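Shown next, in structure tokens, is the structure this report addresses.
None of the figures in this text is laboratory data; all of them are computed from the coordinates on show. All of these numbers come straight from a predicted model, not from anything done at the bench. In this analysis, Cβ positions are derived from the backbone assuming ideal geometry, glycine residues included, and neighbour counts consider all displayed protein chains.
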Amino acid sequence: MAKVLYENDINKEVLEGKKIAVVGYGSQGHAHSLNLRESGYDVVIGLRPGKSQQKAEEDGFKVFPVAEAVKQADVVMILLPDETQPKVYEESIKDNLQAGNALVFAHGFNIHFSQIVPPADVDVFLVAPKGPGHLVRRTYEGGAGVPALFGVYQDVTGKATDIALAYAQGIGAARAGVLETTFQEETETDLFGEQAVLCGGVTSLIKAGFETLTEAGYQPEVAYFECMHEMKLIVDLLYEGGLENMRYSISDTAQWGDFVSGPRVVDAETKGRMKDILTDIQDGKFAKGWILENQAGRPQFNAINNKENKHQIETVGKELRDLMPFVKNPIDSKQKDVK
Ligand code: NAD
Ligand code: MG
Ligand code: MG
Ligand code: MG
Ligand code: MG
Ligand code: MG
């Protein structure tokens, strides 16, 4: 079994007294910065002028242009959008790293697909929380944490692993578990998970279910509650106790339906297509397509996004959620503009 590390396995000293520059103050950036500061570390923010800058300053951070923040820091965490990182790295980061600094990522994409080639005299590692940034912050505030992977790509100081672990602990991840990986494994499994299961798989499953019900003449509100709202309630049971716990709570009728109909929805062919998706990730086809899409100004991304936002499940869902004030988490709405 893989070795999972917790608070007591980690030595904080290697990171104490070092200055950490967090570059970017979006979903992950605000969470890492606030959690690290509350864990006792010295954090500055690197950003271009804009909304994120205002937010970081409101949160009490010193904000500098990226180059300035990097110059001051011993540890530089890159929390820019993956597709923006290579350009900002070339323009503002590369020449401001000093020998022995640490260059850190929360996702391995740019190193693994050679979009960023780091200098040979810095530590390079990743600390990748396995959860959305807003939950990295919310769970930390509640005394808990989101698990994280760490992986070392380059260790020039001989301390890269210890620094990575201390960083992971600083953002609260060691409360939940920290697991060693490589840039390759993190990149490929993260892309696969978000495409096939967590984001792509789940949204397509929800929409197909909603459409099947509404096209058969059932009320959209009923279809919304059945296919979207209840998803969270079911997933909470899975999160807390796995398949058995979820099945314990549902009726035996639901459990029988799960057994006989689930495999009709996700069958061997679906799994075959999952394997195709994994192959596209492994051989770089997905990465190439996404890089080109960005170079072209995101025509497909924007067109699909506009269409998705107009789906009936979104309009009916908004109306119903507005009538359930408890669904709007106050932290969520406050943090929504952190982007
Ligand atoms: P984001 O889009 O939420 O935030 C990006 C930040 O970078 C913003 O503050 C933005 O203002 C700033 N920025 C953008 N362009 C800039 C530029 N040219 N110069 C300076 N600042 C600029 O990003 P994110 O979703 O937090 O992703 C950051 C990294 O974390 C990525 O590597 C991503 O793969 C990884 N990650 C994200 C999540 C997540 O929950 N979103 C989870 C795990 C890992
Ligand atoms: Mg995002
Ligand atoms: Mg992920
Ligand atoms: Mg990801
Ligand atoms: Mg039961
Ligand atoms: Mg039911």
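Residues of region 118-157 that are in a loop (DSSP other than H, G, I, E, B), closer than 21 Å to THR181 by Cβ and within 20 Å of the chain's Cα centre (by Cα): LYS130, GLY131, PRO132, GLY145, VAL146, PRO147.
For region 6-63, give me each residue that is within 22 Å of the chain's Cα centre (by Cα) and of a type in the set (A, V, I, L, M, F, W, C). Selection gives ILE20, ALA21, VAL22, VAL23, ALA31, LEU34, LEU36, VAL43, VAL44, ILE45, LEU47, ALA56.
If you filter region 67-109 down to residues that are small (Gly, Ala, Ser) and closer than 23 Å to HIS30 by Cβ, you find that the one that is farthest from ligand 5 (Cβ to nearest atom) is ALA67. Set side by side, the residues GLY145, GLY151, GLY100 differ, and just one is without any contact (Cβ under 8 Å) to a residue 40 or more places away in the chain, among the small types (Gly, Ala, Ser) and either buried (at least 23 other Cβ atoms within 10 Å of the Cβ) or more than 16 Å from ligand 6 (Cβ to nearest atom) (or both), which is GLY145.
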